[in-house]
Structure formats: structure tokens, C-alpha cells
């Protein structure tokens, strides 16, 4: 868990001991909700509420929606993280998950221009958008970029309340074989580059996983100064 949260780096796994393999936690069960089509222009949707649901009664709803409607399914976050359910007209319409950022990410590190020491010290000020789901029966043009814009204005304050420090930069991965990342671009996220397709323990210098596009969004104009600085 510490490694996945970016707090430590472990050496490569040498062997798996089958007798000690974990069965894993139960998958989230389906939750009965209204799945009637919701198709309309964004202004007709009415008020949109972004609800932080971690450690609330609605967290199981978030887990279930991600498990059953996101193509990657639900994954329990580790380290610092927040979960959101987006509501409109009394119904859930979207979900977002944010977690601690990957420690090493070449295109992002070059964009920020920080040193290795500054990265180790200030990586906690970056949040990684691990999941973004618009529920499949919701067809509202420009909804996704609207939610991302709202989220970018709010997330740092929520992180401050939860963990005692703000967020200066947001990042995410987009699989270009599946998506174009249009909603992120429309919300003014910047394309930083692409991943190498190699894990941190790779010794072959050859891609061994899908290559992702990396996008980022500063939550403050001073993000470089704050992330590069001795004390952010």
C-alpha cells in the first residue's frame, strides 16, 4: 500500500508464494438506481452538486457505480484520496476519483521543471484523477468539461480540509486507443506528453503496457514556484 501511494519504492517481486496469495476484498455490489435516459442541454439540467462521499453513507454508491459502469471497474485507492458523486435532478450522473500522484512521471516532471529533491518533498501537492465516469444513460453535451472545471476550482480546498495541505496541480492519463480526452482539453487541461509504456521495474527498455497520454492542469498560476520551492 505504501508503494502504491508513492511513499516507498520496493524492489521487483522475485516470486509469488501461492499459499500466501490474498483473495482480495469483495467487489462492490450493484445498487438500484434510476437508469432512465437523461438527455438535454446543460442549462436544462438544473443545479449540479459535487458531493465528496469518502467516509459517508454514499461511498458505497460511488464504489458500486464505478464497479459496474466504468470500463476499468472499481479499485480501492490507497494513500491520500477523495471520491465524488455528481448529482442533478435528484439522481447521480457522474463520479470522480482523485488520489496521490505517481512519484515518477517524465513528461509531468519536465513540465514542472523541479529537481528530484523538490519532487520527493512536494509530490503530495499533486492530485491524480484516477477515474472519471459519466453514467451511460446521461447524454448532456459539455457536461464532462463543466464538471472538470468545477472540480478544479474546488479540489484544493477539499484536500486542505481532509489532509491539511492544498493541491497545486492536477494530472490524469488518457488511453489514446480508446479516448481523445476531449473533455479535458475543453476544460483547459494541457497535454504534457506520453508515458513510456514501461513500468518502474522494467529492465528491457521496451514498452510492456499501453502508452497513455498525460494531461495536467495547474490550480494556481504560481504552481511552478510552489512545486519547485524549498517549502511549498
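Every residue, every condition in (1) part of a strand (DSSP E or B); (2) in contact with a strand residue (DSSP E or B) (Cβ under 7 Å, 6 or more places away or on another chain); (3) modelled with pLDDT under 95; (4) more than 30 Å from residue 42 (Cα to Cα), yes or no:
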{"position": "119", "(1), (2), (3), (4)": "no, no, no, yes"}
{"position": "122", "(1), (2), (3), (4)": "no, no, no, yes"}
{"position": "167", "(1), (2), (3), (4)": "no, yes, no, no"}
{"position": "203", "(1), (2), (3), (4)": "no, no, yes, yes"}
{"position": "210", "(1), (2), (3), (4)": "no, no, yes, yes"}
{"position": "214", "(1), (2), (3), (4)": "yes, yes, no, no"}
{"position": "231", "(1), (2), (3), (4)": "no, no, yes, yes"}
Considering every residue within region 145-164, establish whether at least one is in a loop (DSSP other than H, G, I, E, B), surrounded by 13 or more Cβ atoms within 10 Å (Cβ to Cβ) and modelled with pLDDT of 95 or more. no
Is it true that residue 104 is surrounded by fewer than 21 Cβ atoms within 10 Å (Cβ to Cβ) and under 16 Å from residue 53 (Cβ atoms)? no
Residues that are in contact with a strand residue (DSSP E or B) (Cβ under 7 Å, 6 or more places away or on another chain) and either surrounded by 17 or more Cβ atoms within 10 Å (Cβ to Cβ) or within 12 Å of residue 151 (Cβ to Cβ) (or both), drawn from region 182-192: 184, 189, 192
Select from region 54-89 the residues that are within 22 Å of residue 140 (Cβ to Cβ), under 15 Å from the mean Cα position of the chain (by Cα) and part of a loop (DSSP other than H, G, I, E, B) and list them in ascending order. 70, 71
Could you tell me how many of the residues in region 133-144 are surrounded by fewer than 19 Cβ atoms within 10 Å (Cβ to Cβ) and within 13 Å of residue 40 (Cβ to Cβ)? 4
So residue 4, is it under 23 Å from residue 170 (Cβ atoms), at pLDDT below 80 and in a loop (DSSP other than H, G, I, E, B): yes
The one condition residue 120 fails out of (1) free of Cβ contacts under 8 Å to residues at least 24 places away in the same chain; (2) touching a helix residue (DSSP H, G or I) at 6+ places or on another chain (Cβ under 9 Å); (3) under 24 Å from residue 161 (Cα atoms) is (2)
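The values are calculated or read from the model by the stated rules, or taken from the named source; none is laboratory data. What you see is a predicted model, and the numbers here were worked out from it, not measured in a lab. Ideal geometry is used to build each Cβ from the backbone, glycine not excepted, and the neighbour counts take in all protein chains shown.
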